[in-house]
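The values are calculated or read from the model by the stated rules, or taken from the named source; none is laboratory data. Owing to the predicted nature of the structure, the values given are computational and were not obtained by experimental measurement. So basically every Cβ, Gly included, is an ideal-geometry build from the backbone, and we count neighbours across all protein chains shown. For accessibility, only protein heavy atoms count, side chains too; no ligands or nucleic acids. Shrake-Rupley method; radii C 1.70, N 1.55, O 1.52, S 1.80 Å.
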Amino acid sequence: MTIAVYPGSFDPITNGHLDIAIRAAQLFDKLIIGIYDTPDKRILFSTEERVDLVKRTVVRIANIEVTSFSNLTVDFARDMGAKALVRGLRMVTDFEREFEMTQMNRKLYPDLEIVCLMTGLQYQFLSSSLLKEVAGLGGDIKNMVPEHVAVALKKKLSSRQ
Ligand code: ADP
């Protein structure tokens, strides 16, 4: 069985993340979405909330599992028995960052293959950080995230005001 991990902050999950997850799940027997459990002040949703939002998003995809992790990404991948690490690419700036991380991850765990999937055109300019900014200013995020994520985001932002 070929297992892949798809790590990220997912703060919160967007339709761009979902597109990558669906496509990766078709390439591998099992895809494990790993959510960074970091005490980063810029993170809006708690780790438990992010895990819950991702789980609800992929509930109908049988070969996707969701969990959080707090160690090095390559160590998480090794613990999960993964052969591949999936990342999504949107633009040149993503490429530069991913290329740098790949070289480091290769040094740390040479047996792990890094697989980058290109985003769909409609998700090219969609990021969780921009989404939060738009939502915070009352913009319409309807086609950018699953319905339950839009509801959670609205609730979270209004509780912070
Ligand atoms: P990180 O902090 O690791 O970048 P993110 O949650 O922002 O965590 O992203 C996780 C992965 O998903 C990254 O590889 C990122 O490039 C990818 N990603 C994020 N948004 C999109 C999108 N709209 N289309 C394709 N890939 C995306």
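Listed values, structure above:
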read-out	value
Of the criteria (1) in contact with a Lys or Arg (Cβ under 8 Å, 6 or more places away or on another chain); (2) modelled with pLDDT under 95; (3) away from the ligand (no atom under 16 Å from the Cβ), which one residue 125 fails	(3)
Tally, over region 124-161, of residues that are hydroxyl-bearing (Ser, Thr, Tyr) and either without any contact (Cβ under 8 Å) to a residue 12 or more places away in the chain or more than 30 Å from residue 81 (Cα to Cα) (or both)	3
For residue 107: the one exception among (1) open to solvent by 70 Å² or more (accessible area, probe 1.4 Å); (2) within 16 Å of the ligand (Cβ to nearest atom); (3) in a helix (DSSP H, G or I); (4) not aliphatic (A, V, I, L, M)	(2)
Failed criterion for residue 64 (all others in (1) modelled with pLDDT of 95 or more; (2) within 12 Å of the ligand (Cβ to nearest atom) hold)	(2)
Residue identified as within 15 Å of the ligand (Cβ to nearest atom) and either assigned to a helix (DSSP H, G or I) or not hydrophobic (A, V, I, L, M, F, W, C) (or both) among 78, 42	42
